[in-house]
Amino acid sequence: MSTDDRSGRVAEVLRLGLVEGVGVRAIARKLGMARKTVRRILGRHRAPTKPRETRSSILDPFEPTMRALLGDSPDMLAPAVLERLRPLGYTGGVSILRARLRTMRPQARPQAFLTLSFEPGEAMQVDWADFGFALPGVPRRVSAFAAVLCHSRLLYLEFTVSQAMGSFLRCMERCLAFYGGTAATEIFDNMKTVVLSHTAAATVFNPRFAEYARSRGFAVRACNVRKAHEKGRIERPIGFVRRRFWPGRRFRDLLDLNTQAAVWRDDFANGRVHEETGKVPSLVYAHQEKPRLKPLPETPFNTDDVEGTGVSKSFRVPFDRNKYSVPWRFASQHVIVRADDHEFRVFLSTKQIASHTRSWQVGQDIEHPSHKKALLDHKPRALAAGALPPALASLGDTGKSYFKLLAAGSRSIHRDATRLIFLVELFSATATGSAMAEVMQTGHVGAEYVEYVLRHKRGLAPHPPPLRLGDPQLDAISVPEPDLSVYDEPLRMTRDPGEPPVPGDGT
């Protein structure tokens, strides 16, 4: 195409688009050109748009204050800034405030990081990762304990439902046993089980974990606060677990989850060619890093969860959001509790006084039958609230419902039970149970109501069963009842003896 023809087509495009206002699609169809070409020609020759006038905002008078706040605290959130602007007269909402802060907040400069290199056996990195409420029927969050040897990139992975000190130490023990030794330095995030406080001046480590590190022979190093790049060796494997292992997983319980995780870890994660090193982690570990690890000492370390607590008046010990029973005679005592993944034990000084299977549920009341039985043997009347006394077992479900309601009130259960036993003996269990049901229908409970129904409303006469002495000959004796009506009539057989004689009378 000649230069003149090209210039003519450009002129035609400009005429149609800028003068006649024809659309890009119509111009391309009319001139047989690509729409992209039409857009490029029109874009080069369009008149520059006039800048929009800046509109005033309700936030303009407060901008100096906002800049001062951000200068002191660059991470201050919009609701906190809003609280400080309200006393100054700001009447707007948080949405426009958040948008303005987004433009005013100083932008962090991109940082450049060095690639760290570790010698075999030099370092291991450890961290937790949260996976939410993932176990069916278990109201606890699932956490992944992950560790990696920094040179070989060999991964250790385990799932738990607790990040407490005891669980953490048990995970560490299994991790070190998996590696067959420990690195010279182990790097941790600022988890409370490792670091109590971390400032620019000093790092205060958890005393119990420091003792554990000494017993296992490794140095502890804590990352700086909000410096995830300092533990990149473990951050990337955790992301790898989230992307490659976790999606689509189905498991019955924690044991099934850990079984699947161990198979995936050993067969795939540690057997693949690593994306960064280009080597298989398990092979690098076996031939280069394992011989450089420090051997583990044979001395065991106590990894139990240990707490000091008190026994309640209901002989219960609270622990990890559950309650466990102890013998009743230890009520109000101060005890020590120890627990591992499977067993919960209670000690008074050095003597073990109770043991239970540990529950990983929440809000459970775990009671050993012998603890309650011992209290009932000591207090025969210490029946559970609402329990039907054995002597009134013949009242059945009606009696159970009656005593359940009776226990909810302030009446004496013992006094009512004694009177009801008497009524059952006089009027039979059937009649007494029927009267109790009628009393409950009127919205009342109480032995006096039951007796009133039996004696006055129904007019029943007491018919106590015959007394049995246990001797057949004595029990066979039958004596007719005497007629007592004669005592109701006045005595008729009387005689007046007259007046006594007067002294001196000759007659």
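The values are calculated or read from the model by the stated rules, or taken from the named source; none is laboratory data. Just so we're clear, the structure is a prediction, and the values are computed from it rather than from any experiment. In this analysis, Cβ positions are derived from the backbone assuming ideal geometry, glycine residues included, and neighbour counts consider all displayed protein chains. Side chains included, ligands, DNA and RNA excluded: accessible areas come from the protein's heavy atoms. Shrake-Rupley method; radii C 1.70, N 1.55, O 1.52, S 1.80 Å.
Starting from region 131-150, keep only residues that are more than 24 Å from Ile187 (Cα to Cα), then list their pairs with residues that are aliphatic (A, V, I, L, M) and not in a loop (DSSP other than H, G, I, E, B) whose Cβ atoms are within a distance under 7 Å, requiring at least 6 positions of separation or different chains.
Hits for this filter: Leu135/Leu254.
What about Trp264, is it among the hydrophobic types (A, V, I, L, M, F, W, C) and within 30 Å of Pro136 (Cβ to Cβ)?
Yes: the conditions hold for Trp264.
How many residues does region 318-336 contain that are farther than 13 Å from Lys351 by Cβ and either of a type in the set (Phe, Trp, Tyr) or touching a Ser or Thr at 6+ places or on another chain (Cβ under 6 Å) (or both)?
Final tally of qualifying residues: 4.
Quick one: Ala222 ticks every box in (1) more than 20 Å from Pro120 (Cβ to Cβ); (2) exposed (fewer than 13 other Cβ atoms within 10 Å of the Cβ) bar one, so which box is it?
Unmet condition: (2).
Sort out which residues of region 246-263 are among the hydrophobic types (A, V, I, L, M, F, W, C) and free of Cβ contacts under 8 Å to residues at least 60 places away in the same chain, and write them in order of number.
Start the filter on region 246-263 by keeping residues that are among the hydrophobic types (A, V, I, L, M, F, W, C), which leaves 246, 251, 254-255, 257, 261-263.
The answer is Leu255, Val263.
I'd like the full set of residues that are modelled with pLDDT of 95 or more, farther than 21 Å from Lys373 by Cβ and more than 22 Å from the chain's Cα centre (by Cα), limited to region 336-358.
The answer is Ile336, Phe347.
Identify, please: which residue in region 461-473 is at pLDDT 75 or above and over 24 Å from Phe427 (Cβ atoms) and is, among those, most open to solvent (accessible area, probe 1.4 Å)? If you could, list the steps in order and put the result at the bottom.
In the first step, residues of region 461-473 are kept if they are at pLDDT 75 or above; the result is 461-463, 471-473.
Narrowing the set further to residues that are over 24 Å from Phe427 (Cβ atoms) leaves 471-473.
Details: Asp471: 61, Pro472: 101, Gln473: 149 Å².
Step by step, filter region 461-473, then rank; the result is Gln473.
Looking at (1) touching a Pro at 6+ places or on another chain (Cβ under 6 Å); (2) open to solvent by less than 30 Å² (accessible area, probe 1.4 Å), find the lone condition where Glu425 falls short.
(2)
If we scan region 246-261, do we find a residue that is within 18 Å of Met124 (Cβ to Cβ) and out of contact with any Lys or Arg (no Cβ under 7 Å at 6 or more places or on another chain)? Even if it seems obvious, please write down each step before you answer.
Step one: of region 246-261, the residues within 18 Å of Met124 (Cβ to Cβ) are none.
No: zero hits.
Which ones in region 69-90 are loosely packed, with under 10 Cβ neighbours inside 10 Å and aliphatic (A, V, I, L, M)?
Leu88
For region 173-187, what are the residues that are on the phi < 0 side of the Ramachandran plot, touching a residue at least 60 places away in the same chain (Cβ under 8 Å) and open to solvent by less than 10 Å² (accessible area, probe 1.4 Å)?
Leu176, Tyr179, Thr182, Ala183, Glu186, Ile187
Mind checking which residues of region 144-169 are out of contact with any Phe, Trp or Tyr (no Cβ under 9 Å at 6 or more places or on another chain) and surrounded by fewer than 21 Cβ atoms within 10 Å (Cβ to Cβ)? Step through it out loud before you land on a result.
Filtering region 144-169 for residues out of contact with any Phe, Trp or Tyr (no Cβ under 9 Å at 6 or more places or on another chain) gives 164, 166.
Residue satisfying the conditions is Ala164 alone.
From the residues in region 342-373 that are β-branched (Val, Ile, Thr) and either within 29 Å of Phe159 (Cα to Cα) or not in a loop (DSSP other than H, G, I, E, B) (or both), which one is least open to solvent (accessible area, probe 1.4 Å)?
Looking at residues that are β-branched (Val, Ile, Thr) and either within 29 Å of Phe159 (Cα to Cα) or not in a loop (DSSP other than H, G, I, E, B) (or both), I get Val346.
Having 1 or more residues that are of a type outside the set (Val, Ile, Thr) and modelled with pLDDT under 85 is the bar; report the helices (runs of 4 or more DSSP H) wholly within region 1-46 that clear it.
Once the helices (runs of 4 or more DSSP H) in region 1-46 are filtered for at least 1 residues that are of a type outside the set (Val, Ile, Thr) and modelled with pLDDT under 85, what remains is 3-14, 35-45.
I'd like the residue in region 324-341 that is within 17 Å of Glu307 (Cβ to Cβ) and not aliphatic (A, V, I, L, M) and, out of all such residues, is most open to solvent (accessible area, probe 1.4 Å).
Taking region 324-341 first, the residues within 17 Å of Glu307 (Cβ to Cβ) are 324-326, 330, 333-341.
Right, trim to not aliphatic (A, V, I, L, M) and you get 324-325, 330, 333-334, 338, 340-341.
Values: Tyr324: 2, Ser325: 0, Phe330: 23, Gln333: 82, His334: 122, Arg338: 69, Asp340: 46, Asp341: 40 Å².
Within region 324-341, the match that is most open to solvent (accessible area, probe 1.4 Å) is His334.
Looking only at region 284-304, count how many residues are basic (Lys, Arg) and under 23 Å from Arg208 (Cβ atoms). Talk me through it step by step, then tell me what you get.
So in region 284-304, the residues basic (Lys, Arg) come out as 290, 292, 294.
Among the residues that remain, those that are also under 23 Å from Arg208 (Cβ atoms) are: 294.
So the count comes out to 1.
Regarding region 215-235, can at least one residue be identified that is touching a Phe, Trp or Tyr at 6+ places or on another chain (Cβ under 6 Å) and either of a type in the set (Lys, Arg) or touching a residue at least 60 places away in the same chain (Cβ under 8 Å) (or both)?
yes
When you go through Arg236, Arg250, Arg243, Arg208 one by one, which is the residue that is in a helix (DSSP H, G or I) and farther than 14 Å from Leu157 by Cβ?
Only one candidate qualifies: Arg208.
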